[in-house]
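A short reminder: the numbers here are calculations on the coordinates, not readings from a lab. Model, not experiment: these values are computed from the prediction. Quick reminder, even Gly has a Cβ in these numbers, built from the backbone with ideal geometry, and neighbours come from all protein chains shown.
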Ligand code: MCN
Ligand code: CUN
């Protein structure tokens, strides 16, 4: 791995491994995780605990005629069998989704996708529960399914959501943004217009740990304790409270260690609700853990956008406008998790990093007989789709104009002096300086030399491609004036308590799934109050222990909770300053903060450390008038805007002309996420995201046959990349701080997943230029590449 050397802006203490603030600190969580001492949901064992298994529909669309559970109930070890009809009696057969739709917990009337939950068994162990599933006799009346999203709105298409009153077709929602008329006017006068149909196929986040829960309902206390694989414990708790009619303080949601989320663990799944019901009806703790196939066929998938992109430009390559029309497949229930005002997530940033005169998008979303979901897999709320669209269509324009794709981008970037920049779809990019980022990527790549190498190879009939993608993301949802999920504003609470000996505990509302929050949030607090991160305990993932907030997704932890952590630490520091002024017998104005202590200005000998102040705050002796004892604070941070990280990615591929196999030979990623808290963790995030990108670009797709059978139901069929398919990543960075974030940091957790697929596809298409190929849809498997070389379009 090549990394452009980090400048040491960090404050390190005597021991180089222990930065007092930002820097390459090793992860605090790793000793636990690497030694097998992590505690995941499946590790939770409670006395008398029972196990739950779910019966799933074999059909994509079928009416349920009858369900006979008698044999299953009589099976050895079985404690309860619950059907949709039984849940109906409790008013729990349906639950709200995070997008104001409803989803069946257990099907009552119909099944609407293969793998849908139909009944569950609770038994003494996992095997007894699973064996008993076989004994449940369900009679189905099979209906025609809607699988091809393009057919969903045909007049004779079978109606999927007949549960919704007055529904007569499979229409889910329409959405538009930008100015249709202004865009049309610009297109009418453009020298060049390029149009391209682009599909972002359905993919799945496939985290290493599948979803699961352990529910423990205490009928005496009336309290429910739920361990679950959730990225948003507080939001989930409030939803359970609303659905169950219990107060929040009677529900404790604990998200223990999580083995990867990638958005897959944002929705509330029927299985969680089943576990809760299972515990209520048996009076025992109940565990439900999915297997791999259940995870792949029934939980939140991602993408599934069919996009038509159009770009208008002048002859010399000034991009004027972008227009797109999208057909979005939302599956059987709209289970997307997007802020209420944004049914298409943040797709509105499809204008990319370019200064345009006009832009317009119209979108139609439909129901199909497929699993619900839509926002997952490091999607940044659909920015993945948006970036893919714009970066592909810009490359199509470069091909049309016979212009170098790097030059075309450089010519059209929003200029640094234009920030804050309002896009033609109304997003205000907070800060950016795109050209240096692009130039750095080109330098690392040795761009001109690569193009020379390519020309030589082409002359010998070898297929080498160079692909570029430049992205701007919008992460850190979000300002509560525009953003809420089911009425819950997207602010984050944070509490900081400094104990008498100067050690601290910070409590977060966000929850790591592997991003290293226990380390980086300790570093943020350390940077602000000078207590070493090793002495700062990060508490998260337990609603009884942490303040309310909306959780981890959309790379919002650093932009929102990271800001909260910095500000709560400043609040504590302000109080510490009052106490220091009493201790040193000077006024507050006479003190200056030198990381870790307050000093009398001009007299460094007179100083008190934060640890001494902490002891004084809790100790004997008077405090200044109006200052309470203790050293702690809490806040709720409402961001004023999103943060807009950006990046320049360059991919080099070689294609074997005999087998059409694509090999990613080099990948250069230059990211700008503003102020960098822990460069090692950022690199880990980028490496992981780039690997995701190779997967999506070259091998991953959840496909269905015409009966609606999911063809990607195991990791034999749903291919994900291994270390063998990825190159040694070459990373670099630039730093353009966010002007409104207290430490200038922007999110980075999804950047590489967002930015890498277009770079890889652009590289493949570039390699295939001699064959006259202008576009090919992901995943670029050998057969698809072969078809593209032979001029045959493959259906998505
Ligand atoms: N960071 C930093 N400096 C910055 C920005 C971020 O050091 N300027 C650090 C943060 O402190 C944090 C990590 O990088 O430790 C990611 O931060 P951020 O970008 O705020 O993203 P989140 O913590 O909110 O994580 C969510 C994001 C999402 S939405 C998906 S999807 C995804 C991703 O993170 N899922 C992941 N990365 C993942 N990584 C792992 N290992 N597992 C997942 O499930
Ligand atoms: Cu969209 S996947 Mo992440 O936001 O949890």
So for segment 292-333, using the alpha carbon gyration tensor with a ≥ b ≥ c as root eigenvalues (a/c under 1.5 gives rounded; past that, a/b versus b/c decides prolate or oblate), I'd call it prolate
Per its Cα gyration tensor (rounded if a/c is under 1.5, else prolate when a/b beats b/c, else oblate), segment 341-398 is best filed as prolate
In whole Å, largest first, the alpha carbons of segment 35-148 cover along the principal axes 49, 37, 29
Quotient of Cα radius of gyration and Kirkwood radius for segment 146-209, i.e. Rg/Rh, equals 1.13
Here the percent of antiparallel bridges among DSSP beta bridges lying wholly in segment 206-304, to the nearest 5, is 70
Rounded to the nearest whole number, the Stokes-Einstein translational diffusion coefficient of segment 440-574 at 10 °C and 1.306 mPa s (Kirkwood radius, C-alpha pairs) in µm²/s is 89
Taking alpha-carbon centroids only, segment 589-647 lies from segment 312-390 a number of Å equal to 44
Burial-style ranking of 337-348, 150-161, average other-beta-carbon count within 10 Å with highest first, yields 337-348, 150-161
With Rg from the Cα atoms and Rh as the Kirkwood inverse mean 1/r over Cα pairs, segment 139-179 has an Rg/Rh of 1.08
Dividing the helical contributions, -39500 (n - 2.57) per DSSP H run of n ≥ 4, by the residues of the chain yields a 222 nm value, nearest 500 deg cm²/dmol, of -8000 deg cm²/dmol
Taking only the alpha-carbon atoms of segment 737-782, the convex hull volume per residue, in cubic angstrom, is 102
Of 206-215, 109-118, ordering from highest average Cβ density within 10 Å down gives 109-118, 206-215
Sorted largest first, the C-alpha extents of segment 605-687 along its principal axes in whole angstrom are 83, 33, 23
Over all viewing directions the Cα convex hull of segment 513-636 casts an average projected area in nm² of 8.7
For segment 266-356, the percent of all C-alpha pairs falling in each 10 Å bin, from 0 up to the bin holding the max distance, is 12, 29, 24, 17, 10, 6, 2, 0
Note on segment 117-226: contact order normalised by length, alpha-carbon pairs under 8 Å, 6 or more apart, percent, works out to 10
Percent relative contact order for segment 616-709, counting Cα pairs under 8 Å at least six residues apart, stands at 17
Counting all Cα-Cα pairs in segment 567-643, those more than 20 Å apart amount in percent to 33
Both in Å, the radius of gyration and Dmax of the C-alpha trace of segment 89-183 are 18.5, 65
A correct Kirkwood calculation over the Cα atoms of the chain returns a hydrodynamic radius in Å of 27.7
One can check that the equivalent ellipsoid of segment 186-248, built from the alpha-carbon gyration tensor with semi-axes equal to the square roots of five times its eigenvalues, has lengths in Å, largest first, of 49, 18, 8
Checking rank on 431-441, 177-187, 525-535, with mean other Cβ inside 10 Å and highest first, the result is 525-535, 431-441, 177-187
Expected unfolding gain across residue 173-residue 35 under the 0.36 nm per residue rule, minus the alpha-carbon gap, is 44.9 nm
Of all DSSP beta bridges having both residues in the chain, the percent classed as antiparallel (nearest 5) is 80
Dividing the mean separation of Cα pairs under 8 Å (6+ apart) by the residue count of segment 189-266 yields a relative contact order in percent of 34
Full extension between residue 154 and residue 415 adds, at 0.36 nm per residue less the Cα distance, a length in nm of 89.4 nm
At the level of C-alpha centres, the distance separating segment 419-433 and segment 719-767, in angstrom, is 20
With R₀ set to 56 angstrom, the calculated FRET efficiency between the beta-carbons of residue 246 and residue 188, to the nearest 0.05, is 0.40
For the pair residue 127 and residue 315, the simple spin-label estimate (label points 7 Å beyond Cα toward Cβ) gives in nm 7.8
Per principal axis, largest first, the Cα atoms of segment 361-477 extend in Å by 49, 44, 25
